[in-house]
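Beneath this line is the structure, given in structure tokens, with notes to follow.
The values are calculated or read from the model by the stated rules, or taken from the named source; none is laboratory data. The structure displayed is predicted, hence computed values, not measured ones. Note that we place each Cβ from the backbone using ideal geometry, even for glycine, and neighbour counts take in every protein chain shown. Only protein heavy atoms, including side chains, enter the accessible area calculation; ligands, DNA and RNA are left aside. Shrake-Rupley method; radii C 1.70, N 1.55, O 1.52, S 1.80 Å.
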Amino acid sequence: EAATAGPPAGRFWASVALAVARDKAALPELLAAVRERREETVEGVKTQPKWQTAVVLLGRLGDRAAVPALVDVLADKAAPLHAVIAAVRALGKIGDPAAAPAVRKTLKRTDLSTTRFLQFSSGNVMQTVEDARWQFELACAEALARMGKPSPAVAKKYLTDDRAYVRRLARRVLEM
């Protein structure tokens, strides 16, 4: 009941709880958060905007009704890399082959910045830069495999990567 009535914040958090329990009653509010790109975050806590949290939860629900909203995220020029990757993974969990063309189109995007700035601290604040293209491309390859539309060439190029965790993920994707 709280997911459909009352103040927006209450509806959202009730829907989060329902989605964690895989209850499809969460679907309307989570879809609305994604469609409206609700930017609110929890005050005083460093978190992602609500719409990005909702993307992940829609994948957990696994309902095909979420596919159009998730496909819109893939085409959204303002969506950050981690939100696009989350949408790709959510589509993979849903597994609807109808979303495969959108994932393939996303793989061809040249306007998506894959540069990540990672910060770690141990007395002094330091930052390192990573090209996360591997993560983006392997997420797409995994989603396509889950949809029954594998794209092995995408994963194969990472089998010789210098990083063991990247090679391991590429092998796992190819085994799907």
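Output wanted: per-residue J couplings in Hz (rounded whole) for the stretch 161-166, from phi through Karplus 6.51 cos²θ - 1.76 cosθ + 1.60, θ = phi - 60°, x for Gly and Pro.
Once θ is set to phi - 60°, the couplings for the stretch 161-166 become 4, 5, 8, 4, 5, 6 Hz.
What does the convex hull of the Cα atoms of the chain come to per residue, in Å³, rounded to a whole number?
About 135 Å³ per residue, rounded to a whole number.
Run the helix sum for the chain: -39,500 (n - 2.57) per DSSP H stretch of 4+ residues, divided by residue count, reported at 222 nm to the nearest 500 deg cm²/dmol. Each step should come with its number before you reach the end.
Details: 9 runs with 96 residues, N = 176.
Computed mean residue ellipticity for the chain: -16500 deg cm²/dmol.
Calculate the FRET efficiency for residue 164 and residue 117 from the Cβ-Cβ distance with a Förster distance of 41 Å, rounded to the nearest 0.05.
Approximately 0.95, to the nearest 0.05.
In Å², what does the accessible area per residue of the chain work out to with a 1.4 Å probe?
54
Once the other residues with Cβ under 11 Å from the Cβ of residue 66 are scored (Lys, Arg +1; Asp, Glu -1), what is the net sum?
+2
Roughly how many percent of the accessible protein surface of the chain is carbon and sulfur, given a 1.4 Å probe and a whole-percent answer? Working shown, then result.
Details: 5210 of 9570 Å².
Summing carbon and sulfur atoms, their accessible area is 54 percent of the total for the chain.
Count the lysine pairs in the stretch 28-176 that are 8 or more places apart or on different chains: how many have C-alpha atoms under 26 angstrom apart?
Value for the stretch 28-176: 20.
For the stretch 5-22, take each phi angle, set θ = phi - 60°, evaluate the Karplus expression 6.51 cos²θ - 1.76 cosθ + 1.60, and give the result in whole Hz per residue in order, putting x for glycine and proline.
10, x, x, x, 4, x, 5, 5, 5, 5, 5, 4, 4, 5, 5, 4, 7, 6
Modelling each spin label as a point 7 Å along the Cα-to-Cβ direction, I'd like the residue 108/residue 21 distance in nm, to one decimal.
Result: 4.4 nm between the two label points.
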